[in-house]
Structures are given as C-alpha cells and as structure tokens.
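Here's the structure, in structure tokens; my notes come after.
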Amino acid sequence: MKKINILLISLAMMAFSCSKEYSSDEYGGYEMLTDYMLKEYQQGAALRTISASGVYQFYSPGTSVWTATLEPHDAGNGTLTQSVDWYISLNGGAETLYRTISRSDMYDGPVGLPRFDASLSLPAAIAALGNPSYSGNDSITFRFVLNLTDGRSFSTESVSGSLTQSYFRSPFQYTMVIGCFLDAGTVSAVPGIYTINGQDSWGDGWNGGVLTFTVDGTATDFTFTSGTDASIVVTVPESASTMSVSWSAGSWDSEVTYQVNYTNLSGGNAQVALSDGTSPAAGFKSLNICQ
C-alpha cells in the first residue's frame, strides 16, 4: 500500500510542477495550465458508422448503390444535434452539397440516440455533380458535416485515431472507387484486343480443359495439348454487341492457370482483365476492364 501511496503523491507533485512550470498569461488569464484545461475543456461530437455497404460499378450503374446508417453523438446525448450536411465530390475535386439532413429527419435508435439512413446510387451521384464524364477507377467521395445547436460543426478535420476505430468508426468521409467488373455471363461487349495466355505446370497441356471466348454468339475455344504454355488473341470489334468468357474443366485442372489481358483497339491501356487458377471453377467468368 505504501508503494502505491508514494506513487500517487509523486504523480500529483509532477502534475503540480508541470502546471507551475508552464504557467502563462497566454492561457486566458488562468494562473496554471491545469486550471485552463479544466475550465476550457469542451466535448466534441462524432458521427458513428452503424453500417455502410455497397459498390459502384462502371458497367452496371443501375445496381450501383451505396447505403449507410449513421448515428450522431454529442455531449447532450443527441439533443445538441441540429443537422448533418452531406457533400459529394469526384476525384477530389470541388464539393457539391447533396443534401442536408435535419434533426427532424432522423429517428431514435435503440439506445435513444438519433440515427439516419443515407443512400445514393451512382447515376444519382453523377447527376448531382452536374453529369461530368467519368470512368472506371474514378472515385466519388462523401463527406459529412455534423452541425450542433451551439454553432459548432465537426467533420474530417476533427477526426482523431480513436474516432476511426472499432466503436465510433467516425471518419466523417467515405470514398467509393468506381469498379470495372463485368458480371460473369453474357454481357455488353467491350471493344478491344484480348490476349489469352495459358500455362500448365506439368507440361502436358490442359488435358481437355477449354477456355471459350464468345463474341455475338461466335465462340473461340482455346486449349493446348502439350507443353507448358500457349496463347491466342481475340479481337472484339466496335460493332460487337455481346461477349462472354467461360471455362470448361479438364482432367488435371490443378495444373492449370491462365490470364486474359486487355488493350483497347488502339493498343493502349493494357491491363489484366482476368487471372484464374490453379483449379479454375467451371462456368462463366467475370472480367475487370477499365477503359
């Protein structure tokens, strides 16, 4: 017990010493720094993430929707919350005020704090930004500002480490990167040059495995019966309407890998649209193509 008491006394003396050492009139006229801290301390506010989900996809904008449920936290257990401003921007550019959610638009959550639901589709976000051109790998950022009845506002500049971790998860900002995935199956054709590279780790070909690239109903089957690798090129013209890629299993798919590389028709923007194996699953394949 004596050791604990001595430690407490020592800590108290250190706090007192620090207060005296850093005493200054710059602390609002207070004699000691500790007085300033105790008298001028203010509680801030946070916008807790209850849930957030959704993806934006360039090739399927109609089903690209971001949704979230957010919960304002303030020193008055929600009574100081006045409104939340929702800003959006494209690729870090100028922000546009998309919506203001007032306190009356919110509902009480299970612990008595206010909550609200946010939802925004990719087409609606682009329309709100003035219909700028965009492409895959572009990003749309949502930034929220929590306004209190005492005139204070809190947003990304107020974020500290504790606000972004497990409980609060309160970054005030969410960024959606527009993906370039084409759904597995028959999809709208993306014109370009597709180079299929296949490998077999044993060196005896694909043992019956076949990769089929179909354009407007015309199928090109790719396989090889000996060696460790082979390749083929399929061109999808501007006039094409639909395309698909599918795998049919062989006898030793545990030896099989392959890649589908894409470039546009002018030979630029090279990228890996698909990398699969070993043991690729049979059926249609999704492609990732950012033009």
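Side notes on the structure shown:
- Hz values of 3J(HN,Hα) by residue in the range 278-287 - Karplus curve (6.51, -1.76, 1.60), Gly and Pro given as x: 6, 6, x, 6, 5, x, 5, 10, 7, 10
- Within the accessible surface of the range 69-227, defined with a 1.4 Å probe on protein heavy atoms only, the carbon and sulfur portion equals 49 percent.
- Between the alpha-carbon centres of the range 233-288 and the range 182-196 there is a gap of 8 Å.
- Gain upon complete extension [residue 278, residue 265; 0.36 nm per residue less C-alpha separation]: 1.7 nm
- Using 0.36 nm per residue and subtracting the Cα-Cα separation, the extra length available between residue 100 and residue 183 on full extension is 26.4 nm.
- Using θ = phi - 60° in the Karplus curve 6.51 cos²θ - 1.76 cosθ + 1.60, the 3J(HN,Hα) couplings for the range 123-131 round to x, 5, 5, 5, 4, 5, 8, x, 6 Hz; x is entered for Gly and Pro.
- HN-Hα J in Hz across the range 82-87 - Karplus 6.51, -1.76, 1.60, θ = phi - 60°, x for Gly and Pro: 9, 6, 10, 8, 10, 9
- Extension gain (nm, one decimal) between residue 53 and residue 248, 0.36 nm per residue minus Cα-Cα: 66.8 nm
- When both bridge partners sit in the range 150-277, DSSP labels roughly 95% of those beta bridges antiparallel.
- With R₀ set to 41 Å, the beta-carbon distance separating residue 127 from residue 232 gives a calculated FRET efficiency near 0.45.
The values are calculated or read from the model by the stated rules, or taken from the named source; none is laboratory data. A quick note: this is a predicted structure, and the numbers were derived from the prediction, not measured. As a convention, Cβ positions derive from the backbone with ideal geometry for all residues, glycine included, and neighbour counts pool all protein chains shown. With ligands, DNA and RNA removed, areas are computed over all heavy atoms of the protein, side chains included. Shrake-Rupley method; radii C 1.70, N 1.55, O 1.52, S 1.80 Å.
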